[in-house]
1. Is at least one residue of segment 205-212 open to solvent by 50 Å² or more (accessible area, probe 1.4 Å), more than 22 Å from residue 94 (Cβ to Cβ) and part of a helix (DSSP H, G or I)?
2. Need pairs with beta-carbon distance below 7 Å; first residue on the phi > 0 side of the Ramachandran plot and within segment 79-105, second surrounded by 20 or more Cβ atoms within 10 Å (Cβ to Cβ) and in a helix (DSSP H, G or I); sequence gap 6+ or separate chains.
3. Quick test for you: out of 71, 20, 40, pick the one residue that is modelled with pLDDT of 90 or more and closer than 29 Å to residue 194 by Cα.
4. Restricting the search to segment 203-258, which residues are β-branched (Val, Ile, Thr) and over 18 Å from residue 124 (Cα atoms)?
5. What are the pairs with Cβ atoms under 7 angstrom where one residue, in segment 235-246, is open to solvent by 20 Å² or more (accessible area, probe 1.4 Å) and the other, located anywhere, is aliphatic (A, V, I, L, M) and in a helix (DSSP H, G or I)? Sequence gap at least six, or different chains.
6. Quick one: in segment 68-106, which of the residues that are touching a Phe, Trp or Tyr at 6+ places or on another chain (Cβ under 7 Å) and in a loop (DSSP other than H, G, I, E, B) is least open to solvent (accessible area, probe 1.4 Å)?
7. With the structure loaded, tell me whether residue 160 is at pLDDT 95 or above, open to solvent by 20 Å² or more (accessible area, probe 1.4 Å), touching a Leu at 6+ places or on another chain (Cβ under 9 Å) and in a helix (DSSP H, G or I) or whether it fails that test.
8. How many residues are part of a helix (DSSP H, G or I), open to solvent by 10 Å² or more (accessible area, probe 1.4 Å) and over 12 Å from residue 106 (Cα atoms) when one looks only at segment 186-202?
Amino acid sequence: MDTRVTRVTWFLDAALVAGAVGAGVSAFVPQLIAAVPEPAPDPEPELDPLQPAEDEADFARPIDEPKELYADVAALPGLRWKCAVAGAVAAGLLGARIGWNPALLFLVYLVPVCIALSVVDWRTRYLPTRLIAPSYAVVGVLVVLASLLTGDWEALKVSVIGWLASFGLYFLLWFLLPRGMSYGDVRLAGVLGMALGWLGVGPLVLGIYTGFLLGGIGGLLLSVLRIFHRKHYPFGPFMVLGAWLAAGLTTQLGAAYGAVVTGLVSLLGG
């Protein structure tokens, strides 16, 4: 009984501390966004001539809408407290999932970065390289440090595989369907794959698949609701959400997919 209580306390303490840190650092997301330099203007997007034209005015965020300035995004009312709450929930769940594991270092680091990227992508449909590129170095160092502290070199190997596999998969999709995906998604995939890979093959596969699933369903809903054009909606927030669910709710997510597959098999077989 004492061992069980100690174990619960171990994970609860990690969740509380991680949540507090996540809230504190995520409160500075507006400053992080405001510090990102504006990108060079992109050429006008082209629609597929084989597809019927749609009235862009019907969409809340049409393709030809001018890009929102990062300073204006950072100044959105309530953004600070919303980011702080999101950071507390995201980091708290990760702390409850893995406890006092060195992996918490790179996971908590990614919380405010991913919140900032999600906000920016949602508002501008752009994932700034200035936020993603440094994360490769930081997460890379921290996954090595985590393996040094735990002696788990297998986790580091899977982390490298996750980085290469995620980046390679998204790069292939971007290369084959450049109009359906931005290169920022490719960059983000590598960082998320590196982090998920250290946690294991399960979180890595679940994270990649869930990101695609949420992105597909979410993109369809956003288009049906006339919020974003189907060819130009933000995919980054769905990638981040999929990775977070896979990292924080690995067992539950796997069980949910298993139940769906079992149900489909039973339905088709019966």
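1. First, the residues of segment 205-212 that are open to solvent by 50 Å² or more (accessible area, probe 1.4 Å): 205, 209, 212.
Still in the list and also more than 22 Å from residue 94 (Cβ to Cβ): none.
There is no residue in segment 205-212 that is open to solvent by 50 Å² or more (accessible area, probe 1.4 Å), more than 22 Å from residue 94 (Cβ to Cβ) and part of a helix (DSSP H, G or I).
2. Matching pairs, first to second residue: 99/14.
3. 20
4. So in segment 203-258, the residues β-branched (Val, Ile, Thr) come out as 205, 208, 210, 217, 224, 227, 240, 250-251.
Once the filter is applied, which keeps residues that are β-branched (Val, Ile, Thr) and over 18 Å from residue 124 (Cα atoms), segment 203-258 yields 205, 208, 210, 217, 224, 250, 251.
5. 238/214; 240/117; 241/214; 244/90; 245/253
6. Step one: filter segment 68-106 for residues touching a Phe, Trp or Tyr at 6+ places or on another chain (Cβ under 7 Å), giving 90, 96, 99-100, 103.
After this cut, where a residue has to be in a loop (DSSP other than H, G, I, E, B) as well, the list is 99-100.
Details: 99: 0, 100: 113 Å².
For segment 68-106, the residue satisfying everything is 99.
7. Values: at pLDDT 95 or above: yes; open to solvent by 20 Å² or more (accessible area, probe 1.4 Å): yes; touching a Leu at 6+ places or on another chain (Cβ under 9 Å): no; in a helix (DSSP H, G or I): yes.
Answer is no for this residue.
8. Number satisfying all stated conditions: 3.
The values are calculated or read from the model by the stated rules, or taken from the named source; none is laboratory data. Here the structure is a predicted model, which means the values were calculated and not measured. Positions of Cβ are backbone-derived with ideal geometry, glycine not excepted, and every protein chain shown enters the neighbour counts. Note: accessible area is taken over every heavy atom of the protein model, side chains too, but ligands, DNA and RNA are not part of it. Shrake-Rupley method; radii C 1.70, N 1.55, O 1.52, S 1.80 Å.
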